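Heads up, the thing below is written out as structure tokens.
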Amino acid sequence: MNRPRGIARGRAAMIAVVVVCVGYAPVAMTELWPYAHPGAPAIGQSLLGHMVSPHYVATALATRIAPYRHSLAAMIVHSVLGGLLMLLGPIQLLSAVRRRIRLHRAMGVLFAVTVYVSMAGAAVYLLRTAPRDAFSGAAFWIVLATILVGTVMSVTFGIGAAVGRLPELHQRWMLLCYGFLMTAPLLRFEWGALPVLFPGLSMAEINRIAVMHLGSVVAFGALLASRALDKRATVPGVTGSWVPMPVLAVAQLAAAGALVWITTAYLGWGAQGHRLLAGYLVPWVATYAVMLWRQRRAGREGRTWAREEWRLHLVALCLAPVFSLATVLPLERAFGLDRETAMSAGVAIGCGMLAFWATAAVSVRALVAREVLKLQQKSEAEGDRMPAAAVQAP
């Protein structure tokens, strides 16, 4: 009974992703038209105005005129190609699932080139925009820069895995890359949805809450998709675990200590601090609970490879709050930030960055397993040749 339910959930998730991507594509492509030609239609702004209020949208966008016009050509390239990526992503996913290899490869080349050019446009904007001038402040600038680097590195590693004929690793890196790209439509969705929970807040304040968990949500979604597509119970060459129970226990204790520190800090920052804390802590706890349950269930069912991947990501999730705290002082010094802004930036990027390194750890685990298997096969082949040589000896 579990398998049909799992298949149904997987199809539902795939349909949801396709609908979101196809629906967001025209929003992304037209988002900056009014800055180039005042009065030009902008689908996203119109929808958001109807969902919340025209004042909510107008107040937020009024502060964007100067920063966007300063890098308008680069931003238009970024947004138009970003819309194209929203269309290419579902094509890549469906062609991979249906094993349309030629289509997948051809669209994959287009996808990779589009990612690089689109991210180059975003990089021009970030380089020309001071962190304090970014929408909702410097913390968002740091989040955008981190997503940009994560996207470019993920697609690069995905290309390397494809060239190296490592389809499972290629799949993981490309799903993570697309997860980072999905931060754009999901952020717009939260701009419209969160005012229901927090009425009266400006879009800038809503944005600060949303980015507290956006990286962790998309990285977790990429992990769920990877695990759903990888049906292998075991992987030859993988024995034992790189994350034994004592290591997992220490990571969880470190997470508890860091979360207490973060919670104490945010509770002292008034109502906005409470909202930011909720925006971070609730998704983190939910993600932790799912990962803990999944790795335990995989262990009980004897699916050692699934358990290992879940554990590596669980440790990364536990270390994310520790990493976030470790970045506060460097961010303060590097960008001249106050403690609250620096901590918000560190917390916002922690889960996404550690998920990236967890994916790298899974990749290294798989590569080590492949080398171990090669050595075993070589040793067995040499062992088979030795008796024959012994018989021929005088």
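Read-outs: derived from the displayed coordinates by stated rules, not from any lab. As the structure is a computational prediction, the values presented were derived from the model and not from experiment. With ideal geometry, Cβ positions are generated from the backbone for all residues, glycine too; neighbour counts draw on all protein chains shown.
For the chain, what does -39500 (n - 2.57) per DSSP helix run (n ≥ 4), summed and divided by total residues, give at 222 nm, in deg cm²/dmol to the nearest 500? Please report the intermediate quantities before stating the final value.
Details: 16 runs with 331 residues, N = 394.
Rounded to the nearest 500, the figure is -29000 deg cm²/dmol.
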Open item on the list: With a 10 Å cut-off between alpha carbons and a GNM built on the chain, which of ARG275, ARG333, ARG227 moves the most?
Closed with: ARG333
Open item on the list: Can you compute the modelled spin-label distance between VAL113 and SER202, with each label point 7 Å from Cα toward Cβ, in nm?
Closed with: 4.2
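In nm², what is the average projected area of the convex hull enclosing the Cα atoms of segment 256-383?
10.2
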Task: Structure-derived Cα extents along the principal axes in Å: which label, when the choices are [x] 94, 49, 47; [y] 58, 52, 42; [z] 59, 49, 47 - done: [x]
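Using a Förster radius of 25 Å, what is the FRET efficiency between ILE43 and ARG69 based on their Cβ-Cβ separation? Nearest 0.05, please. Each step should come with its number before you reach the end.
Working: r = 20 Å, r/R0 = 0.82.
Efficiency, rounded to the nearest 0.05: 0.75.
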- [ ] May I ask you to work out the translational diffusion coefficient for segment 90-152 at 37 °C, viscosity 0.692 mPa s, via Stokes-Einstein with Rh from the Kirkwood sum over Cα pairs, reported in whole µm²/s?
- [x] 245
Open item on the list: Using Cβ counts within 10 Å as a stand-in for footprinting exposure, how do VAL77, VAL290 rank, fewest first?
Closed with: VAL290, VAL77
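Can you tell me the FRET efficiency between ASP133 and LEU229 if r is taken as the Cβ-Cβ distance and R0 is 45 Å, rounded to the nearest 0.05? Intermediate results must be reported in sequence, preceding the final value.
Numbers: r = 41 Å, r/R0 = 0.91.
Step by step, r from the Cβ atoms, then E = 0.65.
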Open item on the list: Apply the Karplus curve 6.51 cos²θ - 1.76 cosθ + 1.60, θ = phi - 60°, to the phi angles in segment 362-375 and return the couplings in whole Hz, x for Gly and Pro.
Closed with: 4, 5, 5, 4, 5, 5, 4, 4, 5, 5, 4, 5, 4, 5
Task: Cα centroid of segment 155-199 to Cα centroid of segment 84-122, whole Å - done: 13
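With r defined as the distance between the Cβ atoms of ALA381 and ALA58 and R0 fixed at 56 Å, what FRET efficiency is calculated, to the nearest 0.05?
Working: r = 72 Å, r/R0 = 1.29.
Rounded to the nearest 0.05, the efficiency is 0.20.
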TODO: Take segment 50-199, drop everything but the C-alpha atoms, weight them equally and run the Debye formula without solvent; then report log10 I(q)/I(0) at 0.19 Å⁻¹ to two decimals.
DONE: -1.17
Open item on the list: Please list, by residue number, everything in segment 168-209 whose backbone N is under 20 Å from a paramagnetic label point 7 Å out along Cα→Cβ of ALA278.
Closed with: 187-209
